[in-house]
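Below is one structure; the comments refer to it alone.
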Amino acid sequence: RTYFSNVPNPQELITFIAAVLTGENDSDAAGKLIDMKLRWKTAQFFEVIWWWFYLSRKDKEDYLEKKKLYWQKLLKDCAGSFVIKPGETIIDMGCGPSGLYILFPDSNMTAVDPLLDKYEQNLPVFSRKAYPGVRFVCSPIEAYTTSETFDYVFCMNAINHVADIRKGFATLARLGGPKAKLIVTIDAHTMGWMKAVFRIGPGDILHPHQYDKEEYIAFIEDEGYKVTATICLEKGMVFDHYLLVAERA
């Protein structure tokens, strides 16, 4: 039952589908804002369901071990761009149920995600108790506030899950200290026409935002950072998966 506690109002869904089909919201800024909030609410609802189906037939320990190896390989592949040193502070924004924090269970690390409570309720792979040194915060990325700054701000395949992407990037930028590195992974559209199609309809229901690599770089650099490395992690037909490394300009 907990999977459906975040379900969008049925009337809102009907209104949203009608707007997509008719295009009535295209010239209405207020309508677009409501539209994006509903896309986000819908995406958050299906996110938990997706994780549940994805993990339902996986062995917990085997899955977490493979996930650790994935994160270790990713950091090794990026060693030319950054190397995390002992004592440096890290925040994992949009961390999910098996984020980067699983490599640092006893470290002084912060992990933020709006669905942490639902993950812990519904997914056996995630328990806060397994990571005693990690400070978990249940919050949307763009709503997270703290007086702290960090040496490394990670947002791994999560920025296109937010409700307001500009506020999301502004939050990531604000969390970085004077010499911080901002590391973001993205699914970047490879074809403009496909990006337009995905923006109109629910072709990618888990991700409210659809952009290409150059647009993501522009979002970062609008916040006073300079992208210093662009690493293609995986090529695809519709999306290429990139890791972007940025520093304060």
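Just so it is clear, none of the values below were taken in a lab; they were calculated from the coordinates. As the structure is a prediction and not an experimental result, all values here were calculated from the model. Don't worry about glycine lacking a Cβ; one is built from the backbone with ideal geometry, like all the others, and counts go over all protein chains shown.
Listing for the model above:
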quantity: At most 13 other Cβ within 10 Å, DSSP loop - trypsin sites (Lys or Arg not before Pro), the range 48-113; calculated: 57, 58
quantity: Space enclosed by the convex hull of the alpha-carbon atoms of the range 55-142, per residue, Å³; calculated: 100 Å³
quantity: Per-selection Rg to Rh, the range 110-159 - Cα, Kirkwood hydrodynamic radius; calculated: 0.96
quantity: Cβ-based net charge around residue 181, under 12 Å, with every Lys or Arg adding one and every Asp or Glu removing one; calculated: +1
quantity: Kirkwood Rh and Cα Rg combined as Rg over Rh, evaluated for the range 80-126; calculated: 1.03
quantity: Inverse of mean 1/r across different Cα pairs in the range 85-201, Kirkwood, Å; calculated: 15.1 Å
quantity: Efficiency of FRET from Cβ geometry, residue 196 and residue 230, R₀ 30 Å, rounded to 0.05; calculated: 0.80
quantity: Point-to-point label distance, residue 72-residue 166, nm (Cα→Cβ direction, 7 Å offset); calculated: 4.3 nm
quantity: Full-stretch length increase - residue 218, residue 139 - with 0.36 nm per residue and alpha-carbon distance subtracted; calculated: 25.9 nm
quantity: Extension gain from residue 49 to residue 249, taking 0.36 nm per residue of separation minus the Cα-Cα distance; calculated: 68.0 nm
